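Only one structure is covered here, and it is reproduced in the block below.
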Amino acid sequence: MTSTRRQFLKHASAASLITGLGARASWASDMATVGKMKITTLSDGHLNLPADFIFAPMPQDQLAPIFSEFNVGSGPLTPECNITMLQDGERTILFDVGSGPGWQDSSGLLVDALDTAGVAVDDVTHVVFTHCHPDHLWGVLDDFDEALFPEAQYMMGRAEWDYWWNPETVDTIEAARTTMAVGAKRRMEAIEDSITFFDDGEEILPGVAARATYGHTPGHMGFELRSGSESVMVVGDAIGNHHVAFAAPTLLSGSDQDRETAAKTRIGLLDQMATDKTRLIGYHLPGGGMGHVERKGDAYRFVPEGA
Ligand SMILES: [Zn+2]
């Protein structure tokens, strides 16, 4: 991409920042220090999802008290999209890149958030993906279908890549998700030459360990970021919301592709993080996504940072 085009994009996004300011209050949503790492969550905006996308497979009588406690229900859900940025003085690493232009009007705002944080797209050294859904992967291309982060090394779990790269996936995935499969493949082809793969348990970069958190997608990955004795877990969509995922984690969610596996993953993560008092960042959790897990009866609740 030429710098002229990039300049144009910058101005275009600056203009939208001004006109859209009322609707979007914060860009660098949350910030923390983990040992020598600076961790920031950047807002890509939010999604508009029909409530059924999550709740359809769930027993409605169990949902009623959760709906009233969290003020959710039949109306559209508007979850935040929180991209984790890790800066350690040598590297600037993004975990996912948002939805980019053309998915939903309320998302695709990462470039504005980076701008506000004083980070240029050329500064990004690594992009690490949790999974290939549109709101996590599609932002890898800009308005001109060119790679948004020209200097970045891209990294993805091998199982996740293999699933979406497989030409049969577009036919075997449930019909409502065909667009996701076609769109994922197109983005993957654009970064094919600069991607490296990793597996469960690998330290993929200094202080960044991959953890298999399968179920939401077949190869979904979480990441433990550790420096000295401090750590934070980037859980992506393995814990997909702050209401039913915590209050009734055994209920199978419509947002997960392999619902049984996703529930096992979710329950295991919640139990471990509540026991270890682990700080976590959830891509769709509120208030910038950072917080921790507390036990509540035989389930859990999300406690946002600073709450
Ligand atoms: Zn998502």
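Structure values in brief
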| item | result |
| --- | --- |
| Residues of the stretch 281-298 satisfying the condition of being under 27 Å from D200 (Cβ atoms), crowded, with 17+ Cβ neighbours inside 10 Å and not β-branched (V, I, T) | G282, Y283, H284, L285, G289, M290, G291, H292 |
| Matching residues, the stretch 130-168, being assigned to a strand (DSSP E or B), away from the ligand (no atom under 16 Å from the Cβ) and of a type outside the set (A, V, I, L, M, F, W, C) | Q153, Y154 |
| Candidates I173, I204, filtered to the one that is farther than 24 Å from G102 by Cα and not basic (K, R) | I204 |
| Count of residues meeting criterion [part of a loop (DSSP other than H, G, I, E, B) and over 30 Å from G207 (Cα atoms)] in the stretch 34-88 | 15 |
| Any chance T278 is surrounded by 23 or more Cβ atoms within 10 Å (Cβ to Cβ) and without any contact (Cβ under 8 Å) to a residue 60 or more places away in the chain | no |
| Residues satisfying the stated conditions in the stretch 59-88, i.e. modelled with pLDDT of 95 or more and on the phi > 0 side of the Ramachandran plot | none |
| Residues of the stretch 51-101 classified as aliphatic (A, V, I, L, M), without any contact (Cβ under 8 Å) to a residue 60 or more places away in the chain and within 20 Å of F246 (Cβ to Cβ), total | 2 |
| Test: T125 is touching an Asp or Glu at 6+ places or on another chain (Cβ under 7 Å), in contact (Cβ under 8 Å) with a residue 12 or more places away in the chain, surrounded by fewer than 24 Cβ atoms within 10 Å (Cβ to Cβ) and not basic (K, R) | yes |
| Qualifying residue in the stretch 128-140 (condition: surrounded by fewer than 20 Cβ atoms within 10 Å (Cβ to Cβ), under 22 Å from F198 (Cα atoms) and either within 15 Å of the chain's Cα centre (by Cα) or not small (G, A, S) (or both)) | no |
| Condition check for S26: in contact with a strand residue (DSSP E or B) (Cβ under 7 Å, 6 or more places away or on another chain), at pLDDT below 95 and not in a strand (DSSP E or B) | yes |
| Single residue of the stretch 232-275 satisfying the filter (among the small types (G, A, S), away from the ligand (no atom under 16 Å from the Cβ) and in contact (Cβ under 8 Å) with a residue 12 or more places away in the chain) that is surrounded by the most Cβ atoms within 10 Å (Cβ to Cβ) | A247 |
| Residue check for A117: more than 16 Å from the ligand (Cβ to nearest atom), modelled with pLDDT under 95 and surrounded by fewer than 23 Cβ atoms within 10 Å (Cβ to Cβ) | yes |
| Single match in G215, G222, G291 (criterion: in contact with a Pro (Cβ under 6 Å, 6 or more places away or on another chain) and small (G, A, S)) | G291 |
| Yes/no for G100 being surrounded by fewer than 17 Cβ atoms within 10 Å (Cβ to Cβ) and either within 16 Å of the ligand (Cβ to nearest atom) or part of a loop (DSSP other than H, G, I, E, B) (or both) | no |
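The values are calculated or read from the model by the stated rules, or taken from the named source; none is laboratory data. Since the structure is predicted, the reported quantities are computational estimates derived from the model, not experimental observations. Cβ: placed from backbone, ideal geometry, glycine included. Neighbour counts: every protein chain shown.
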